[in-house]
C-alpha cells in the first residue's frame, strides 16, 4: 500500500464554462435541454418530499409497533418490512418514483440527482426534526446533474467540444467559450483531453444568464514551503471583515473594511428601493420584464460587487498565510451565527459563508489545509493566560481581568482561533449548540412535569 504522505497533494476546483449548442439540429437540442432542465427541479422536489414521507412512515411504524429505536434487531425488522412493502430500500424509492413521474428525464440524470437530493436531505434532517428549518424546495434553474461517463471532451478545428450522451442513441454537443480566461480554463480542458487531468461528475445549468457546464476538476496543489505546525487563525468580524494572526508569532493583518463595504452596498440597496418605489406607479402588462430590467441589472451589480470584495479578502488572506509559511488556516464554524440583531444585519449584507468557501478554494490550490474550530468564547478568552470573564471584550478593545493584557479584540480572537484544537465539522459538535439543546430539553421537562402535576381538569 502506498504511503499517504508520498501521494501528490490535490484539490478540487469547479470550472464554470459557458457553452453554445452546436450540431446538425440545434433547435431540437435546445428543446431537449429546456425540457430536461424543467424536469430536473420538479423531480428534485419529488425526491425531497418522498424521502420526508418515507421518514414519517417509518416513525409512525416505530410508534404504533412500540419499537425501541436503540434496538438494532427491531429497527432492522422495520426496515425489512418497509422493503417488503415497497420492493426497495428507502433511498431507492424516490429514484423509482421520478422515473415513473418524469419518463423523459435521462437515466444519466435520475441516479445522480437522487443521490444529490438525498444527501442534502440527510444532512438537513436533524434541523427539520428540531424545528429549525423546513423541507428544502428546489427552484427553476437548478443545475442538471449528470454522470461522469455521460460527458466527453474533444478538440475539433481548434475548438473544444463537449459531448453529452443523454441516452442511448441521443447526444447533444456544445462548444466551449472561454472569454478572457483569467483562470486558465482553456489550458485545463486541454489537459483533460490529453488525459492529464481527472474530473468528476459535472452539471449543466440553464438559466437567464445562459448555458453553463459546472465541472469539478482534480488539480495538483502548488508546491510551497509550509510549516504544518504553523497555523493562521482568521476572525471574521463586524468592523474588520477578516483579521488574521499566526499561532507562533506576532505577525498579524487586518483585511478589508466593513464600513467601506457596507457604505457601497447600502448605497446600491437604497438606489434599488427608490427604483422599486418608482415602478409601483408603472402600469403592468406585457412590458413588465422590460420595465424590471433596470432593477434586475442593479441587483446583479450589487451581487457582483459583494463577490468581488470577498475574492479580494480571500486572496489577501491566502497570500498572508503563504508569506508566513503557515500550513493550516483555522476558521470558526459559522453555522448558527447571526443570532443577535447586529450580527443578523451584517450577515444580510455580507456573505461570510461565501468568503469561507473562497478561502478554502484558494488555500487548497497552494496546499494549505483549512479546518473549522468551535467558536465558543474565542473572542472572550485571553490569548496570553487563558482567562475567561464576561466583559473582558468591549467593542474593539480587549482587557484581561486576570493578567491585565490589553489587545485589539479582533487580534486576540484570531490568536485564540489559530491555537484552538477544538475542531468541528457541524454545529451539533459545538459547545454553544449543545448547551442550547440541553437548556431547551430541561425547560420542556419542567413544563411537562408542571402539566402532569396539575392533573386532569374536572368537568361540570
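Binning all Cα-Cα separations of segment 36-120 at 10 Å, short to long from zero, yields these whole-percent fractions: 17, 44, 26, 12, 1.
Listing 188, 40, 137, 14 from fewest to most neighbouring C-beta atoms within 10 Å gives 137, 14, 188, 40. By the gyration tensor of its Cα atoms, with a ≥ b ≥ c the square roots of the eigenvalues, what is the shape of segment 86-187: rounded for a/c under 1.5, prolate for a/b over b/c, or oblate? Oblate. Taking the number of Cβ atoms within 10 Å of each Cβ as an exposure proxy, the fewest-first ranking of 398, 177 is 177, 398.
Laboratory data are not the source of any read-out in this text; all were calculated from the coordinates shown. Quick caveat, the model's predicted, so the values are computed rather than measured. Note: ideal-geometry Cβ built from the backbone for every residue, glycine included; neighbour counts use all protein chains shown.
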